[in-house]
Amino acid sequence: MIEVNIYRFNPETDKFPYMQKFNFEMPDRDIMVLELLNSLKESDPTISYRRSCREGVCGSDGMSINGKNGLACITPVSEVIKGNKLELRPLPGLPVVRDLVVDMTEFYAQYEKIKPFLQSDTPPPNQERLQSPSDRDKLDGLYECILCACCSTSCPSFWWNPDKFVGPAALLQAYRFIADTRDTRTEERLESLSDPFSVYRCHGIMNCVSVCPKGLNPNKAIGEIKSMLLTNKRHEAEIIASDGGGRS
Amino acid sequence: MVGHLNKDNIHTLEFDALIVGGGGSGMRTSLELAKSGLKTAVVSKVFPTRSHTVSAQGGITCAIQSADPHDDWRWHMFDTVKGSDYIGDQDAIEYMCSEGPKAVFELEHMGLPFSRFENGRIYQRPFGGQSKDFGNGGQASRTCAAADRTGHALLHTLYQNNVKEGANFLNEWFAVDLVKNKFNEITGVIAFSIESGEVAYLKSRATVLATGGAGRIYASTTNALINTGDGLGMSLRAGFPAQDMEMWQFHPTGIHGAGSLVTEGCRGEGGYLINADGERFMERYAPNAKDLAGRDVVARSMVLEILEGRGCGPNKDHVLLKLDHLGEEILNAKLPGICELSKTFAGVDPVYKPIPVVPTCHYMMGGTPTNIHGQAFSSENEVDNEIPGLFSVGEAACVSVHGANRLGGNSLLDLVVFGRAAGLHINEDLKSGGGVEEANIDDIESALYRLNKLNESNSGFEVAEVKRELQEVMQNYFGVFRRGEFMEKGVQALVEIRDKCDNLHLHDKSDSFNTNRVEALELQNLLEVAEATAISSLKRNESRGAHARDDFPERDDENWLCHSLYDPINKDLKKRQVNFEPKTMEAFPPKVRAY
């Protein structure tokens, strides 16, 4: 028997959120947190959470599991249980809609802001655009993001400025298009991130890396963006300096 | 949702076109319409990238002449017709295979991160049922892949391009029922916002069902929890037919216990199945294609191995998929997602040990019958009558390119080719004045009936219990092998389950993100699909493709070289002719299907 504490909040009936305790009889095999939740929901159908693929590819069931963000469907109870207890809370930093369901509007807005689609100024050929395997390899570790929001909602910088700091998930995607040799808008993409907030609010806390259920490294992508921005700045400065020299 | 819902206390939102479902097919349709300037919306019960297309792994099959510059879409067409066990419509298959390359190149131009060959072209791998030269030239490599995450890459690419085109989404809205007027035209749907409980009549001149499959009618399936056949449930309740519902694909390699899919691409890359004796048994069942025979053939062979006592594990209830001989480098480069899934759900690292697998319900070949423009139809006296206002695409539809057995990699192609075709057609039709008449108050209220009844329930049956009962009946009586006497029992059991589904108890009556309500409505959709499946299976007295009957083990072309058309009003089965008239070539005549 294990003790499961679940964050409960229904805006229609609850003035404040509360933790509800359930005693759960573990089956004789290890199960995923999602399976546990599904069983609890059979006895209490009012528990609300999102879920879809149940195999870690759709990104629906991100939640805080014993204090660490993860996907319920690929997190075995045995790996996270502490002192026979399991605590499930909604992803931190976003408004709670109900129970374990958060309002992801701001998270999606940041994703849309980085223009998450290929932009090319060359007309498409009759076949596919060619790309060498080594150029394609540059997208590995970037395109696999499932938009579960585990990273962005574990990031203190995102908690403080969810409207202005793009956040690790969307920055990873920003870099996915910067790194794509088929995309021709690198300069424009970098320019749109050059303000003090969009990317520079990342202070390398690395929570994003430690929670990503797909093993991706947004911090590395952010580092690449920062260094490209710096190179650009230096380049600009050099141009200005040489221009200035010419005029004087 | 307080009180009895009627036309006056719900909102009406008007659209030119409405797409129910935000997976691959729905988003390909919406992409076409977003560019058209028509007022459209995608109604999706999940944020679009959570749709089940995301789980597709191995690839999208298409003769793009990359792996083989001499490849020919006609060879792909031959394979697909043969794979369908000759009840795929040849005009539709011709359209899909010939339009395919354009659709795949379009995806690449949109940014889909396909894997590449050294020359920079799209990587293609061998998949089951593929041949060169109309079956005479050996195994083809025709499946375009983004590692083993092709569905994820495709779905995200389509969503991204919908964002780019400014498509309109009603995310986390659940469509309850079709609104049908007195002329039998579809004028939109009743739907509600899952987040707020707001109910609305989404009125539309064209309604596209892109709601995917319904694998959750079975206890064991590779399908996402959301695959509950909502569109088909709605159209069956509205009295419209469903085609070829006995045809369910059991994928040979679902992870034993968990049900998660292990792509056919594993066998394409050189993996193979072994039994308890370590024997590569597919050599006995399909001497030429071996592990890359049609999925139905491989699934049946596996079940026979298990039934004959050569299954693996303490219960001898599965076989093994061997991959370790491919080496760590290939596995990490070509099948990284599988390595991850196998470690998570089977506790096995395929670099060192084989994966325990078992045939698992995977794909619904049947669905709402449509023509190649996605236009749904009903049939009377062997004449197809279009249903004004109603369209369907993707797995929810039966166009029919898959017939009695779908080939691997053909479903992603189906999504983009027919999603695009439906979008083009609707655009043209609406701009030239097409549309439907109004629905009246009664029409709208009958579409609210189910929701009202559920909201007003004070007692009744438990959703979770009835769902489990339904899934067990389907699993036990309508699995890989079927027999008349058992199916009779199954059909009887479903009569009782229908009664329970009509009397469910909704515990939670609240408006905010009420998943109890969603699951109850989904269960009623599952029931419609299950019943159509059960009755169609019982009445097709032959074995063809995925429909394998112990009591009728042979294919019977004399009586059953035809589609089945399930009529939900009389709960009866009609026959419908298969199309043998492709436009640009001679039809492929039925032959013995050997691999």
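Here is the P(r) of the stretch B:152-299: all C-alpha pair distances, binned every 10 Å from 0, give 9, 26, 28, 21, 12, 5, 0 in whole percents. Neighbouring Cβ atoms from other chains, within 10 Å of the Cβ of residues in B:509-520, number 5 on average. Close amide H contacts of A:ILE47 (hydrogens built in the peptide plane, cut-off under 5 Å, sequence separation of 5 or more or a different chain): none are found.
A simple count of charges around A:ARG129, restricted to other residues whose Cβ falls under 13 Å of its Cβ and scoring Lys, Arg +1 and Asp, Glu -1, yields -3.
With θ taken as phi - 60° and the Karplus curve 6.51 cos²θ - 1.76 cosθ + 1.60 applied, the whole-hertz 3J(HN,Hα) list for the stretch B:364-374 is 9, 6, x, x, 5, x, 9, 8, 5, 8, x Hz, x standing for glycine and proline.
So what is the orientation-averaged projected area of chain B, using the convex hull of its C-alpha atoms, in nm²? Before the final figure, lay out the partial values.
Values: hull surface 99.8 nm².
Approximately 24.9 nm², given one-decimal rounding.
DSSP loop chymotrypsin sites (Phe, Trp or Tyr not before Pro) in the stretch B:267-362 with at most 12 other Cβ atoms within 10 Å of their Cβ, which ones?
Details: sites: B:TYR272, B:PHE281, B:TYR285, B:PHE345, B:TYR352; in loops: B:PHE281, B:TYR352.
Loop-located and lightly packed - B:TYR352.
Between the helical axis of B:336-345 and the longest alpha-carbon principal axis of chain B there is an angle of about 80 degrees.
Might you tell me the accessible area per residue for the stretch A:105-242, computed with a 1.4 Å probe and given in Å²?
On a per-residue basis, the stretch A:105-242 sits at 45 Å².
Taken as Cα centroids, the stretch B:175-229 and the stretch B:350-373 sit 23 Å apart, rounded to the nearest whole angstrom. Take every DSSP beta bridge whose two residues both sit in the protein assembly as shown; close to 70 percent of them are antiparallel. With all projection directions averaged, the alpha carbon convex hull of the stretch A:2-102 covers 6.3 nm².
Centre-to-centre separation between the Cα atoms of the stretch A:123-177 and those of the stretch B:390-431: 30 Å.
Whole-Hz Karplus values for the stretch A:30-38 come out as 6, 10, 7, 4, 4, 4, 4, 4, 4 Hz, taken residue by residue from phi with 6.51 cos²θ - 1.76 cosθ + 1.60 and θ = phi - 60°; glycine and proline positions read x.
Charge tally for B:SER459 (other residues, Cβ to Cβ under 15 Å; Lys, Arg +1; Asp, Glu -1): -3. Near the amide H of B:HIS318, within less than 5 Å, lie the amide hydrogens of B:CYS312, all on another chain or at least 5 residues away, with H placed in the peptide plane.
Computed over the stretch A:105-242, the Cα gyration tensor eigenvalues convert (square root of 5λ each) into semi-axes of 24, 21, 14 Å, ordered from largest to smallest.
Computed FRET efficiency, Cβ-Cβ of A:ASN161 and B:GLU438, R0 45 Å: what is it to the nearest 0.05? Numbers along the way, then the final one.
Working: r = 49 Å, r/R0 = 1.09.
With R0 = 45 Å, the Cβ-Cβ based efficiency is 0.35.
Three semi-axes describe the equivalent ellipsoid of chain A; taken as square roots of 5 times the Cα gyration tensor eigenvalues and ordered largest first, they are 42, 20, 15 Å.
If you plug the beta carbon distance of B:LYS35 and B:ASN168 into 1/(1 + (r/R0)^6) with R0 = 22 Å, you get a FRET efficiency near 0.95. Taken across both chains, chains A and B shield about 4900 Å² of accessible surface from a 1.4 Å probe.
Scanning residues 5 or more positions from A:ALA179 or on other chains, none has an amide H under 5 Å from its amide H, with H placed 1.01 Å from N in the peptide plane.
Among the trypsin sites (Lys or Arg not before Pro) in the stretch A:1-86, those located in a DSSP loop and surrounded by at most 16 other Cβ atoms within 10 Å of their own Cβ are A:LYS15, A:ARG29. Under a Gaussian network description of chain A, with springs only between Cα atoms under 10 Å, the residue in A:GLY83, A:GLY62, A:GLY204 that fluctuates furthest is A:GLY83.
Can you figure out the FRET efficiency of B:ARG483 with A:SER194, using R₀ = 56 Å and their beta-carbon distance, to the nearest 0.05? It comes out at approximately 0.20.
Take B:19-26, B:44-51 and order them by the average number of nearby Cβ atoms within 10 Å per residue, most first; the result is B:19-26, B:44-51. Remark: for residue pairs B:LYS82/B:LYS316; B:LYS7/B:LYS39; B:LYS7/B:LYS509; A:LYS68/B:LYS164; A:LYS138/A:LYS233; A:LYS113/B:LYS334, the C-alpha separation exceeds 26 Å in B:LYS82/B:LYS316; A:LYS68/B:LYS164; A:LYS113/B:LYS334.
Peptide A:140-150 has a mean shielding of 4, counted as Cβ atoms of other protein chains within 10 Å of each residue's Cβ. Accessible area ranking (1.4 Å probe, heavy atoms, ligands and nucleic acids excluded), largest first, for B:HIS109, A:HIS203: A:HIS203, B:HIS109.
Phi angles of the stretch B:260-271 translate, via the Karplus equation with coefficients 6.51, -1.76, 1.60 and θ = phi - 60°, into HN-Hα couplings of 4, 6, 10, 4, 4, x, 4, 6, x, 7, x, x Hz per residue; Gly and Pro are given as x.
Per residue of peptide A:121-133, the mean number of Cβ atoms on other chains within 10 Å of the residue Cβ is 6. Round to the nearest 10 and give me the degree value, 0 to 90, for the angle of helix B:410-431's Cα axis relative to the longest principal axis of chain B. It is inclined by approximately 30 degrees.
Let me know the volume per residue of the alpha-carbon convex hull for the protein assembly as shown, in Å³. Intermediate results must be reported in sequence, preceding the final value.
Working: hull volume 145.6 nm³, N = 843.
Per-residue hull volume (Cα only) is 173 Å³.
Between the stretch A:198-239 and the stretch B:472-492, the alpha-carbon centres lie 57 Å apart. The angle between the Cα long axis of helix B:73-83 and the main principal axis of chain B comes to about 80°, on a 0 to 90 degree scale.
In terms of overall dimensions, the stretch A:7-54 has a Cα radius of gyration and Dmax of 12.5, 39 angstrom.
The values are calculated or read from the model by the stated rules, or taken from the named source; none is laboratory data. Every value quoted in this text rests on a predicted model; they were computed, and no experiment measured them. As a convention, Cβ positions derive from the backbone with ideal geometry for all residues, glycine included, and neighbour counts pool all protein chains shown. Surface accessibility is based on the protein's heavy atoms, side chains included, excluding ligands, DNA and RNA. Shrake-Rupley method; radii C 1.70, N 1.55, O 1.52, S 1.80 Å.
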